[in-house]
Amino acid sequence: MKNTILYSALCLAFLFFSCEDNEILDEELVSDDSEYGLAEARHARSFVRNNDFESPIDFNQPAGRQATWIKQGYQLNSGLFEWSNNIGSGHSGGVRIETVGGVQNDLAITQMLSLNPTKFYRLSAWVKTVNVIGGAGANVCIWDTWTRSSGLWGTQDWQKISVEFVPPASGELAIGCRLGYWAGVSSGTVYFDDVIIEEVPKFVKSSTHIQLILDEEDAAAVKKQTIKNWMANLDRAYEKYYELMGSYPYNGQTITIQSVDVYPGGWAVAGNPILWYKPYIKDELLNTEATGSWSFGILHELAHDFALDNANRSWIWHEEMFANFRMYYVAEGLNPPITQGKTYIGAEIKNFYMTDADDSYAKGIALGIPRGQNGLMYTLIRIKDQTGWQPFIDAIRDLNASSVSPATNIERFNLFLDKLSQYSGTNVRDTYLPGELNTIQQLLGQ
Ligand SMILES: [Zn+2]
């Protein structure tokens, strides 16, 4: 596609690009300028070389140092790669990728880029599909990562697909126009044209373990130092979670916390990225600035991330409760202010579970009413106050590494008490008052 609208979009992307941020890209591009007129060269400087596929590509030649696009894939020999000057959108230059003989495959053309790791980008491309079946379909991606656009399947006319991303710390990455994916192989034919990278104005900040991606207006609501301090505190919380759990989630990759405009299913939703619903962000940051709170919600989601992807989780009877219990380890260990209704300092947040929450211990289990994971969690804190944390650390690691899968929540609860008794050398059931374990059985049996 070569038209005025596209040209404007590219130039806009170029304007966003700050040269002083990325000298490497400029150097790499010099060698390609000869392929273009001056205007085209400026196109190309919107990050992607030969982005509109108007220059020939010979996929049968070994990829040399000057290669713009190269072919990559799972079963490369079962893939067909073709450049032609009339198969793109609007009969311009384009690229075709086809799986041969209906073999489910993962095929891509990729290009190495050097981008600014403190910026947020959108990668997009125009794509057309013919009989695409299965897996991840036609997509654009950051090669060697799980970052990809949603897929296109079936037979569909030209349309634009896109994915947003922050480059890795090195800034070095490869973008891909792809059919299929790791663990998502597809078959069919796909055409690509007009691959564009635009910088999207976002607040992007990285600390040791955390990357924060917010709308600039939300980040600007508080002092830069507020966010910096908060992220340093989240790093400390992350290390505490590790201390408790004994392993890092997502192979120790930085955890991204990202503002999302579309309701993700909660105030925020765990994972990597942790999705944080935009309408709540500014108020939470303002509260952090006012109270020093480390953010109950974000600590909670980070705690979920430590319900490790590589561990047995079948012994956990209530992950919402356990996320808060992990957070309590951080609260005791690091003494943070945490706002939950009101602002508690460190271990004071025990009061939330003991008396303050609607389903606290005092309002449920203590009255013989089978109500409340928050109250149940208080009874675990009560055990901890007797035994210290070590039996919990031992029990959690033991169960994480096991293959136990109790059938009911009551069995899971009892297994946990057994393990705590084993590792503490005491009968932790003695910490329960008469009748409480009965009430808890009812609660867990509901
Ligand atoms: Zn949760």
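Every number in this text was worked out from the coordinates using simple rules, so none of it is lab data. Please read all numbers here as calculations on a predicted model, not as lab measurements. Ideal geometry is used to build each Cβ from the backbone, glycine not excepted, and the neighbour counts take in all protein chains shown.
Can you confirm whether residue 284 is of a type in the set (D, E, K, R), under 23 Å from residue 332 (Cβ atoms) and either out of contact with any strand residue (DSSP E or B) (no Cβ under 6 Å at 6 or more places or on another chain) or more than 13 Å from the ligand (Cβ to nearest atom) (or both)? Yes; evaluated as a whole, the condition is true for this residue.
Quick check on my filter: what residues within region 292-334 are within 14 Å of the ligand (Cβ to nearest atom), touching a strand residue (DSSP E or B) at 6+ places or on another chain (Cβ under 8 Å) and part of a loop (DSSP other than H, G, I, E, B)? The answer is 295, and nothing else.
Among the strands (runs of 3 or more DSSP E) contained in region 183-290, which hold 2 or more residues that are in contact with a Pro (Cβ under 9 Å, 6 or more places away or on another chain)?
Where strands (runs of 3 or more DSSP E) fall fully within region 183-290 and carry at least 2 residues being in contact with a Pro (Cβ under 9 Å, 6 or more places away or on another chain), they are 203-206, 210-214, 255-260, 274-277.
Residues in region 418-433 that are out of contact with any Lys or Arg (no Cβ under 6 Å at 6 or more places or on another chain) and surrounded by 14 or more Cβ atoms within 10 Å (Cβ to Cβ): 11 in all. Residues in region 82-127 that are β-branched (Val, Ile, Thr) and surrounded by fewer than 19 Cβ atoms within 10 Å (Cβ to Cβ): 87, 100, 103, 118. Examine region 311-320 for a residue that is among the hydrophobic types (A, V, I, L, M, F, W, C) and under 14 Å from the mean Cα position of the chain (by Cα), and state whether such a residue exists. No: region 311-320 contains no residue that is among the hydrophobic types (A, V, I, L, M, F, W, C) and under 14 Å from the mean Cα position of the chain (by Cα).
Table: residues versus (1) under 19 Å from residue 330 (Cβ atoms); (2) surrounded by 19 or more Cβ atoms within 10 Å (Cβ to Cβ); (3) within 16 Å of the chain's Cα centre (by Cα); (4) among the polar types (S, T, N, Q).
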position: 229; (1), (2), (3), (4): yes, no, no, yes
position: 237; (1), (2), (3), (4): yes, yes, no, no
position: 247; (1), (2), (3), (4): yes, no, no, yes
position: 257; (1), (2), (3), (4): yes, yes, yes, no
position: 260; (1), (2), (3), (4): no, no, yes, no
position: 264; (1), (2), (3), (4): no, no, yes, no
position: 270; (1), (2), (3), (4): yes, yes, yes, no
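Restricting 283, 261, 359, 309 to those that are touching a residue at least 60 places away in the same chain (Cβ under 8 Å) and among the acidic types (Asp, Glu) reduces the list to 309.
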